[in-house]
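No lab work stands behind these numbers, since they all come straight from the coordinates. Since the model is a prediction, treat every value here as computed from it, not as a measurement. Neighbour counts are summed over all protein chains in view; Cβ atoms, including those assigned to glycine, are modelled from backbone coordinates with ideal geometry.
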Amino acid sequence: MTAPDHLHRQLEAMRPQLVRFALLQLRNESLAEDAVQDALIAVLEQPDRFQGQSSLRTYVTGILKFKIIDCLRAATRERPIEYGEDQSEDDVIDALFLADGHTVDMPRQWGNPDQTLEQKDFFRVLEICLEKLPAKAARIFMMREWLELETEEICKELAISSSNAWVLLYRARLRLRECLDLNWFGAHTVKG
Amino acid sequence: KLKPTCREVHRLVSEGMDRDLTLVERARMRLHLMVCGACTRFNVQMDTLRRAMRNFPLGG
């Protein structure tokens, strides 16, 4: 098998997973397929750019992130999403605290982060938790934490205020924390 | 002014991931974290979540 053929097969094998991750962010199957297709074509057109300093999967994922950012910008221009205050979401925050501002329950010990991040199963649970997030929360959270966009850039893209962005991100983190707590840390014996 | 609640500190922990906290906010948060186990655990959880996302989707 020639080198280009081998690369092509490797990329095709990655495609389903890449589409799933693009879908997490874009929430639209055809947009996700397009972003992945663009990323794979970019790799195939310039295979020499892959220096082998990281794994091929890391390299392709990095390119996919830029394609998703382009896609988000285009989609936001064409069809702005309403990111107004949703008062019902305050329940997520209120449920954690007593009237005097103290926490209702002691948060669970999550143990050593290094050990957690070495376990592939943890990332499967994280993916499921991300899929469960409401669409708006997932989008802003992924923009901040996966695409690593600065808050100012997110506010510009989504046409929201900084304070609105901070609240949306806070709620998204609380939801993810609760999901991981129940489905990973609650189901495993955690060592400190 | 002197004693922030856990509710305020949880919010500051999250907002500190998205903006530069003021000196006063940072001092209030740090003082609270020194004496509050619940907020300290929350802080570790948020740090773990951020590190996980930096490794997502590869992990392991």
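When the Cα positions of A:A99, A:W146, A:Q109 are compared along the charge dipole of region A:87-185, A:W146 comes out farthest toward the positive end, with charges on each C-beta of Lys, Arg, Asp and Glu.
The 3J(HN,Hα) values that the Karplus relation (6.51, -1.76, 1.60; θ = phi - 60°) gives for region A:165-172 are, in residue order, 4, 4, 5, 4, 5, 4, 5, 4 Hz. Gly and Pro appear as x.
Against chain B, whose longest principal axis comes from its Cα atoms, helix B:23-35 is set at around 80 degrees. Between A:D121 and A:A95, the FRET efficiency estimated from the beta carbon spacing at R0 = 25 angstrom works out to 0.35. Rounded, prolate or oblate, given the Cα gyration tensor of region B:6-54, with a/c below 1.5 counting as rounded? Oblate, since a/c reaches 1.5 and b/c is not below a/b. In order along region A:147-163, phi translates into HN-Hα couplings of 7, 6, 6, 6, 4, 4, 5, 4, 4, 5, 5, 9, 6, 10, 7, 4, 5 Hz, rounded to whole numbers, per the Karplus curve 6.51 cos²θ - 1.76 cosθ + 1.60 with θ = phi - 60° and x for Gly and Pro. Under a 5 Å amide H cut-off, with hydrogens placed 1.01 Å from N, A:F97 pairs with A:V104 among residues at least 5 apart or on other chains. In a solvent-free Debye calculation with one equal scatterer on each Cα, what is log10 I(q)/I(0) for region A:87-185 at q = 0.14, 0.19, 0.23 Å⁻¹, listed in the order of the q values? Debye intensities relative to I(0), on a log10 scale: -0.63, -1.05, -1.26. Highest mean packing comes first when the peptides A:156-164, A:173-181, B:43-51 are listed by Cβ atoms within 10 Å, giving A:173-181, B:43-51, A:156-164. Remark on A:Q119: its backbone amide H falls under 5 Å from those of B:G60, a criterion applied only to residues 5 or more positions apart or on other chains, H modelled at 1.01 Å from N.
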